[in-house]
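Since every read-out is calculated from the coordinates, none of them should be taken as a lab result. Being a predicted model, the structure only gives us computed values, none of them experimental.
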Amino acid sequence: MLARPPTIFVAFACNDGDNGGWRGTVEAVAFTGRDNQSIDFELSRGSAPRLAVGDGWLRFMRRRLGFVSSTQWYGNWCWNGYRLYHGDAAILLKEMLRSRKFTCDGCNGEMAIALSEKIDDAGDVPLEVLCAALLLMTEPRPEAADAPA
């Protein structure tokens with residue numbers, strides 16, 4: 001049996017703070033991996049980018065990416081969360097950094113802190129570096145324990 005690719009949970013502050021209704025613009029983004037390691041970003045420049053969501057896909061920062069599962073009102077009613085494959089999450093993070101609209105405003109966990117140290121204001125971290133760093137934060141593959149050695 002083939003193992004599924006590793007995933008990472010990405011939450012978007014995309015709902016109205018007063019009533020939890022869909023707003024469709026994003027004020028903050030949080031990437032959360034295993035052991036609750038997380039790296040958080042807040043909108044720091046310009047207007048909030050739009051988020052569109054369909055059946056198994058989302059579009060943000062001009063990228064359309066698939067997601068494995070979703071949770072509405074994650075944590076509180078301002079947030080919706082989506083489980084993305086780590087490669088798609090890296091592409092999303094790269095676009096966020098390239099746009100210079102978001103800045104890192106917090107992180108926890110050894111791997112998340114290491115990733116935040118690689119991010120600079122120019123947003124020119126190579127995609128391969130982001131992908132490798134996010135891979136270290138990804139949820140372990142459930143099938144890995146059943147796979148032959």
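Observations on the structure shown:
- Relative contact order (%) - segment 7-138, alpha-carbon pairs under 8 angstrom, separation at least six: 28
- Cα-only Debye scattering, segment 7-138: base-10 log of I(q)/I(0) at q = 0.12, 0.19 Å⁻¹: -0.40, -1.07
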